[in-house]
Amino acid sequence: MLTVLAGLGLGLSLIVAIGAQNVFVLRQGIRREHVLAVVAVCALSDAALIAAGVAGLGYVLTAAPWLVVVARWTGAAFLLAYGVLAARRAWRGGEELAVDTTDAPAAVASTTSASGTLTRTRLTPVVLTTLALTWLNPHVYLDTVLMLGSIAATHGEERWLFAGGAIAASILWFTALGFGARYLGRWLRTPRSWRILDAVIAVVMIAIAVSLVIPVLSA
């Protein structure tokens, strides 16, 4: 049990941080758009990465550090593009959230344009974006694969119990973030609120993109 709790605690400490993936999950949760799919992709991806780290993938990344460099540049390019799109939404505006005033779990939510036309993103682009934000982020490999894998190895035969705790942390966090975000809807009913949110998202995404390539450029 202590090994499981150790994995749970370390998993939460690594996941609960402002990052590109969490910001995207939060935005989808507020929009109430394909939340289950987004949460499932994030949790399953984390589970696969944690399992790979415990199984020994961390040693491969240590032996071939150029793979992390490639991931840095690819992830930075994707985050920069997403940040520019968020900045464009913030500049143009015209988006608001229509929610039931009761804020009940069953309340219907939709994103509308300034003209009142329903604009709902299809599932495939949302899933692909979630996968990209997860698998193109080099921090995922450094933290989830290398760090968790290394620490799990110190638990010997109980390393998979440690991994189970870390996987549980991922499931709990993304479920809470995705489905709990809907309660922020009451503060995001106006186009101005969404412009502010998209501006914050743009700053976070672009800042993370820059932070990814700085170590490579300064090396």
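Give the residues of the stretch 24-46 that are open to solvent by less than 20 Å² (accessible area, probe 1.4 Å) and hydrophobic (A, V, I, L, M, F, W, C), sorted by residue number. Passing the criteria: PHE24, VAL25, ILE30, VAL35, VAL38, VAL39, CYS42, ALA43. Can you tell me which residue is modelled with the lowest pLDDT among those in the stretch 1-37 that are closer than 17 Å to ASP198 by Cβ and of a type in the set (A, V, I, L, M, F, W, C)? Residue satisfying both the conditions and the ranking: ILE18.
Residues of the stretch 66-78 include none that is farther than 29 Å from ALA199 by Cβ and either modelled with pLDDT of 85 or more or among the polar types (S, T, N, Q) (or both). Of the helices (runs of 4 or more DSSP H) lying entirely inside the stretch 112-193, those containing at least 1 residues that are at pLDDT 80 or above span 123-135, 159-180. When you scan the stretch 48-56, do you find a residue that is under 18 Å from the mean Cα position of the chain (by Cα), crowded, with 18+ Cβ neighbours inside 10 Å, modelled with pLDDT of 80 or more and part of a helix (DSSP H, G or I), even just one? Yes: the stretch 48-56 contains one or more residues that are under 18 Å from the mean Cα position of the chain (by Cα), crowded, with 18+ Cβ neighbours inside 10 Å, modelled with pLDDT of 80 or more and part of a helix (DSSP H, G or I). From the list ALA40, ALA63, the lone residue that is modelled with pLDDT under 80 and within 22 Å of ALA163 (Cβ to Cβ) is ALA63.
The values are calculated or read from the model by the stated rules, or taken from the named source; none is laboratory data. It should be emphasised that the depicted structure is a prediction, and the values quoted were computed from it without experimental measurement. Neighbour counts are summed over all protein chains in view; Cβ atoms, including those assigned to glycine, are modelled from backbone coordinates with ideal geometry. Protein only, heavy atoms only, side chains kept; ligands, DNA and RNA dropped before computing areas. Shrake-Rupley method; radii C 1.70, N 1.55, O 1.52, S 1.80 Å.
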